[in-house]
Amino acid sequence: MLSSPTYWGQFEEIGKYNANLNVAERLWAAWYAWMQNDVLATGIMSFVMHELVYFGRSLPWIFIDSLGLFKNYKIQSVSIYEDSSIAPGQLSVSLESWANPWIEQGPFLARAVGLR
């Protein structure tokens, strides 16, 4: 563990003592040294990388759509959604996904606790 309390301080110290590391390796080593908890550092890094890939994959399509070259080929030219039409659908899907395991397991649970 190095003495600097900040991330960039860790980065600088790692650069001093490990001159053979490239920038990406120093950033990676500084992350683990600064976090001081390998499990937490790995979990946070995995989550951030997953979100970058998951949401970043749509960026080229947002750019392509902004060019306007493919407007003639759109299946749905206008998509206007109002909050009043979305909210009931979201609520029903949320309730269904919460209640479904209880409904499917109902007879089994009733027999298990002696109700049937």
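Bear in mind these aren't lab numbers, they're just calculated from the coordinates by the rules spelled out. Every value quoted in this text rests on a predicted model; they were computed, and no experiment measured them. Reconstructed Cβ throughout: ideal geometry from the backbone, glycine too, with neighbour counts over all protein chains shown.
Compute the signed sum of charges (Lys and Arg +1, Asp and Glu -1) over the other residues within less than 14 Å, Cβ to Cβ, of I64. Present the calculation step by step, with values, prior to reporting the outcome.
Working: positive: R57, K71, K74; negative: D65.
Once positives and negatives cancel, what remains is +2.
Pull out the extension gain between H50 and F63, defined as 0.36 nm times the separation in residues minus the alpha carbon to alpha carbon distance; nm, one decimal. Could the numbers behind the result be given before it?
Values: separation 13, 0.36 × 13 = 4.68 nm, distance 2.11 nm.
My answer for the length gained is 2.6 nm.
In whole Hz, what ³J(HN,Hα) sequence does the range 15-21 give by Karplus (6.51, -1.76, 1.60; θ = phi - 60°), x for Gly and Pro?
Residue by residue, the range 15-21 yields x, 5, 8, 10, 5, 7, 7 Hz.
Determine ³J(HN,Hα), in whole Hz, for all residues of the range 40-50 in sequence, where each value follows from phi through the Karplus function 6.51 cos²θ - 1.76 cosθ + 1.60 and θ = phi - 60°; x replaces Gly and Pro.
Karplus values, whole Hz, x for Gly and Pro: 5, 4, 5, x, 5, 5, 5, 5, 5, 5, 4.
What trypsin sites (Lys or Arg not before Pro) does the range 29-79 have in DSSP loop regions with at most 10 other beta carbons within 10 Å? Mind showing how you got there, number by number?
Numbers: sites: R57, K71, K74; in loops: R57, K74.
Qualifying residues, ordered by number: R57, K74.
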